[in-house]
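Below is one structure, written out as structure tokens; comments come after it.
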Amino acid sequence: MGGDLSRVFCIANQKGGVGKTTTAVNLAAGLAAHGQRVLLIDLDPQGNATMGSGADKRTLERTVYHVLLGLATAQEAVVRPPEVMYDLIGANRELAGAEVELVGIERRELRLRDALAPLADRYDFALIDCPPSLSLLTLNGLCAVHGVIVPMQCEYFALEGLTDLVNTIKRVHAGLNRELQLIGLLRVMFDSRMTLQQQVSDQLESHFGDKVFRTIIPRNVRLAEAPSHGVPGVVFDRNARGAQAYVSFGAEMIERVKTMVPSSGATA
Ligand code: ADP
Ligand code: MG
């Protein structure tokens, strides 16, 4: 996706349960609430972003698996779940096999980027929900985007895992995708009453400066309840604190992309 309008980001963190999928579906819904044309791509075989957007991963005919293997075009795999205002390319367990099937295929890291290119002009934003690993799937995600959004909980060990991810981003930037940058760290499931979380949050700000998003996503039970209803929290209960935070984060992202220098190749 290289069109001027389209901005492509992946939500990545090799740890599981840190809020990637919650961020992916709610940022998609939050951006859509601001009138943006959004495509969400589920790149995790667990298919949580698919189900959490209201599509049934078991009955989807075409998913990102077919797209990666060239069995369908990206456009053919796009669906619009009934209750959300964004488009989706879904995933299910089949995707776990892609890792093996892609070995030996030419440009295997670039399959997703190549497949998404024809959709560039149709969307203002594309978001990719990555699996909890630094696998070939995640590599496909990193090669297809302009930047990485890293959701993290403000816990003691959160900073340790970050080093691996930042190094991976640097490697991909150097070797495969000159456009790739770390856009920012998003503090999620935040509880300001916890002293440790506040301390880690302060540390993040002093270490990473403006790479830390201003918006903080609070721990909010409505966000956790939403997936069982098959909608993002932003759709489930728009007035809940967590939903409002994601709508604010959407606004922050819209502002942020205006300041991004296209294909600068400068920062990773
Ligand atoms: P990941 O995709 O990184 O594995 P998830 O987005 O699935 O993480 O989140 C893990 C769990 O935490 C889920 O049960 C989700 O509903 C819950 N969760 C995520 N963000 C929040 C939040 N801000 N407040 C409360 N629960 C949250
Ligand atoms: Mg997930």
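The values are calculated or read from the model by the stated rules, or taken from the named source; none is laboratory data. Predicted model only: the values in this text are computed from it and were never measured. Cβ: placed from backbone, ideal geometry, glycine included. Neighbour counts: every protein chain shown. Ligands, DNA and RNA are excluded from the accessible area calculation, which covers all protein heavy atoms including side chains. Shrake-Rupley method; radii C 1.70, N 1.55, O 1.52, S 1.80 Å.
Just to confirm my numbers, what's the Cα centroid distance between region 158-181 and region 46-73 in Å?
27 Å
Quick one: P(r) of the chain from all Cα-Cα pairs, 5 Å bins, percents rounded to integers, in order of increasing distance.
With 5 Å bins starting at 0, P(r) equals 1, 6, 14, 19, 21, 18, 12, 6, 2, 0, 0.
Would you mind counting up the charge near Met189? Only other residues with Cβ under 11 Å from its Cβ, with Lys and Arg at +1 and Asp and Glu at -1.
Net charge around Met189: 0.
For region 33-181, what are Rg and Dmax over the alpha carbons, in angstrom?
15.2, 43
So what are the three principal axis dimensions of region 134-216 from its Cα atoms, in whole Å, longest to shortest?
42, 22, 18
Counting only protein heavy atoms, what percent of the accessible surface of region 1-138 is carbon or sulfur at a 1.4 Å probe?
Ligands and nucleic acids excluded, carbon and sulfur give 47 percent.
Can you give the convex hull volume of the alpha carbon atoms of region 7-65 per residue, in Å³?
With only Cα atoms used, region 7-65 gives 98 Å³ per residue.
Long-range amide H contacts for Gln181: which residues qualify at under 5 Å (H placed 1.01 Å from N, peptide plane, sequence gap of 5 or more or a different chain)?
Amide H to amide H, under 5 Å and 5 or more residues apart or across chains, Gln181 pairs with Gly147, Val148.
For the chain, what does the accessible surface come to per residue with a 1.4 Å probe? Please give it in Å².
Per-residue accessible area for the chain comes out at 44 Å².
Please give me the summed charge of the neighbours of Ala77: other residues whose Cβ is under 9 Å from its Cβ, Lys and Arg +1, Asp and Glu -1.
-1
Which longest run of the chain has no exposed loop site in it, a site being chymotrypsin sites (Phe, Trp or Tyr not before Pro) in a DSSP loop with at most 14 other beta carbons within 10 Å, and the site itself not part of the run?
1-155
Of all GluC sites (Glu not before Pro) in region 40-94, which ones are in loop regions per DSSP and have a Cβ with at most 14 other Cβ atoms within 10 Å?
Sites meeting the loop and neighbour criteria: Glu61, Glu83.
Hand me the trypsin sites (Lys or Arg not before Pro) from region 145-197 located in a DSSP loop with no more than 10 other Cβ atoms within 10 Å, in residue order please.
Arg193
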